[in-house]
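Data first, discussion second: the structure below is written as structure tokens.
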Amino acid sequence: MQPGGSFTYELEFPDEGVYWYHPHVREEVQQERGLYGVIIVEPKQQGYYDLAEKEEVVVLDDVFLGRDDNLYPFAKNLATFAIMGRFGNQPLVNGKESYGTSIKAGEVLRLFFLNTANVRPFNISIAGAKLKMVGSDSGKFEHSFFADSFTISTLLNWCTRWI
């Protein structure tokens, strides 16, 4: 594709769920610079997930900052770190250093998590809340369950009721 040009991708997803797209050429560089996105395929079946008053996507990442808080440089013609990237020293949530949301007592908030960090897993917990785990990147669980925390190294979605 020429600079300034465009191209339309037509995609079909046979299964509901949360997907993401990212490059496979120098991905350690391009993903570090934010070249990725989330695709949510909604279920056709009514009531597939428990009802939720609010849904949000939470994208987890980490970047490796060097001097002056700039991205630590990559070599132009070769991988200077492991082929899939490097551990960062600055965690990010939705591209920012912190994340917050508001919900009323008793409401259900469904969060769709995506870990885009090159190599870092994240341990997720919310103080004072039980997390209702409803599915992962392999789809909806046959039986949902409650947990105090979970570790994400790939795509995962869950739902929690705030009391």
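The values are calculated or read from the model by the stated rules, or taken from the named source; none is laboratory data. Given the structure is predicted, the values throughout are model-derived calculations rather than measurements. Methodologically, a virtual Cβ is constructed for each residue, glycine included, from the backbone with ideal geometry; neighbour enumeration extends over all protein chains shown. SASA here: full protein model, heavy atoms, side chains in, ligands and nucleic acids out. Shrake-Rupley method; radii C 1.70, N 1.55, O 1.52, S 1.80 Å.
Measuring from centroid to centroid over Cα atoms, what is the spacing of segment 9-31 and segment 102-134 in Å?
22 Å
Set the Förster radius R0 to 35 Å, insert the Cβ-Cβ distance between His24 and Leu65 as r into 1/(1 + (r/R0)^6), and round the FRET efficiency to 0.05.
Numbers: r = 25 Å, r/R0 = 0.71.
Efficiency at R0 = 35 Å is approximately 0.90.
Strictly over 25 Å apart at the Cα level, which of Lys44/Lys96; Lys44/Lys130; Lys104/Lys132 would you flag in this model? List each step's numbers first, then the result.
Details: Lys44/Lys96 33 Å; Lys44/Lys130 28 Å; Lys104/Lys132 17 Å.
In this structure, Lys44/Lys96; Lys44/Lys130 lie more than 25 Å apart at Cα.
Taking a quarter of the surface of the Cα convex hull of the chain, what do you get in nm²? Let's see the in-between values first.
Values: hull surface 49.2 nm².
About 12.3 nm², averaged over all directions.
On the protein heavy atoms, probe 1.4 angstrom, tell me the percent of accessible surface of the chain carried by carbon and sulfur. Write out the running numbers ahead of the final one.
Numbers: 5640 of 10930 Å².
With neighbouring chains kept in place, the figure for the chain is 52 percent.
Mind checking the dipole of segment 1-146: about its Cα centre, +1 per Lys or Arg Cβ, -1 per Asp or Glu Cβ, Debye to the nearest 20? Write down the numbers at each step before the final one.
Numbers: 14 positive and 20 negative charges, 76 e Å.
Computed about the Cα centre, the dipole is about 360 debye.
Per residue, how large is the accessible surface of the chain? Use a 1.4 angstrom probe and give square angstrom. Don't skip to the end; give the middle numbers.
Working: 10930 Å² over 163 residues.
Normalised by residue count, the accessible surface of the chain is 67 Å².
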